[in-house]
Amino acid sequence: MSPRDAEATKARILVAATSEFAEHGYSGGRVDRIAAAAKANKSMIYAYFGNKEQLFDAIIDAAVGDLHESVPFTPDDLPAFAGRLFDFLIAHPTEIRIDAWRRLERPTNTPLEREMFADKIARLDEVRGSSDAAISSADVLVRVLALAWAWVTVPQALGSLATGDVVAQRELVVQSVEAFCREMLTGA
């Protein structure tokens with residue numbers, strides 16, 4: 001098999017695995033169905049990814065990498081970052097499902113995730129200029145991410161009572177992060 005064929009097979013497996021895990025979760029996901037959907041031999045999944053757990057981690061890393069590339073972190077403009085993150089989440093419901101299954105079934109993180117969050121925190125520390133602030137940069141990032149994720153993770157019963165206008169939702173996210181940043185900087 002040529003390197004090109006191997007890469008194409010890996011890509012098909014990742015697409016099939018993403019679909020399988022989004023639909024059935026980690027525990028319900030079946031390697032047999034992934035192999036069939038990818039038109040690949042089941043043994044190739046194990047050869048390329050090791051085992052089901054490592055395949056799931058590869059899916060997480062692919063999603064994290066895609067998010068990282070698609071939504072550049074701007075520590076000097078957290079409201080704009082939150083707005084772009086909200087846009088990405090609205091456009092990528094499969095990633096939200098994968099993340100939900102992972103939180104339920106395998107609440108661990110991959111080395112890539114830890115690295116990317118550590119990088120964001122370090123960059124935010126640089127912009128903020130002080131590591132002895134009342135709110136740590138990690139806590140700032142948690143709050144910004146929570147606000148950006150709010151409409152895609154809120155209980156459905158509550159979401160149905162809130163505005164369904166995605167443009168208004170986005171604006172509320174940006175305004176909330178702006179208010180938080182103002183409060184954090186000025187105490188007002």
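The values are calculated or read from the model by the stated rules, or taken from the named source; none is laboratory data. None of the values given here were measured: they were computed from a predicted structure. All Cβ positions, glycine included, derive from the backbone under ideal geometry; neighbour counts span all protein chains shown.
Restricting the search to the stretch 159-180, which residues are modelled with pLDDT under 90 and either surrounded by 12 or more Cβ atoms within 10 Å (Cβ to Cβ) or in a helix (DSSP H, G or I) (or both)?
G159, A162, T163 - these are the residues of the stretch 159-180 that are modelled with pLDDT under 90 and either surrounded by 12 or more Cβ atoms within 10 Å (Cβ to Cβ) or in a helix (DSSP H, G or I) (or both).
Between a residue in the stretch 153-180 that is more than 28 Å from T74 (Cα to Cα) and any residue that is among the aliphatic types (A, V, I, L, M), which pairs come within a Cβ distance under 8 Å, given they are 6 or more apart or on different chains?
Hits for this filter: A162/V154.
Residues in the stretch 54-81 that are of a type in the set (D, E) and either within 13 Å of the chain's Cα centre (by Cα) or not assigned by TED's automatic domain parsing to the domain that holds A91 (or both): how many?
The total comes to 4.
Under 6 Å by Cβ, and 6 or more places apart or on different chains, what pairs join a residue from the stretch 67-82 that is in contact (Cβ under 8 Å) with a residue 24 or more places away in the chain with one that is assigned to a loop (DSSP other than H, G, I, E, B) and not hydrophobic (A, V, I, L, M, F, W, C)?
Within 6 Å, the pairs are A80/T74; F81/T74.
Examine the stretch 105-126 for a residue that is on the phi > 0 side of the Ramachandran plot, of a type in the set (G, A, S) and surrounded by fewer than 13 Cβ atoms within 10 Å (Cβ to Cβ), and state whether such a residue exists.
No, that holds for no residue.
Residues that are over 24 Å from D99 (Cα atoms), at pLDDT 95 or above and touching a helix residue (DSSP H, G or I) at 6+ places or on another chain (Cβ under 7 Å): does the stretch 128-142 have at least one?
no
Out of all the residues in the stretch 5-20, is one or more in a helix (DSSP H, G or I), in contact (Cβ under 8 Å) with a residue 40 or more places away in the chain, under 26 Å from P107 (Cα atoms) and of a type in the set (S, T, Y)?
Yes, that holds for at least one residue.
Name the one entry in L141, L89 that is without any contact (Cβ under 8 Å) to a residue 40 or more places away in the chain, out of contact with any Cys (no Cβ under 8 Å at 6 or more places or on another chain), surrounded by 14 or more Cβ atoms within 10 Å (Cβ to Cβ) and under 22 Å from E178 (Cα atoms).
Just a single option satisfies the conditions, and that option is L141.
Could you look through the stretch 29-42, keep only residues that are at pLDDT 95 or above and part of a helix (DSSP H, G or I), and pick out the one that is surrounded by the fewest Cβ atoms within 10 Å (Cβ to Cβ)?
Filtering the stretch 29-42 for residues that are at pLDDT 95 or above and part of a helix (DSSP H, G or I), the one surrounded by the fewest Cβ atoms within 10 Å (Cβ to Cβ) comes out as D32.
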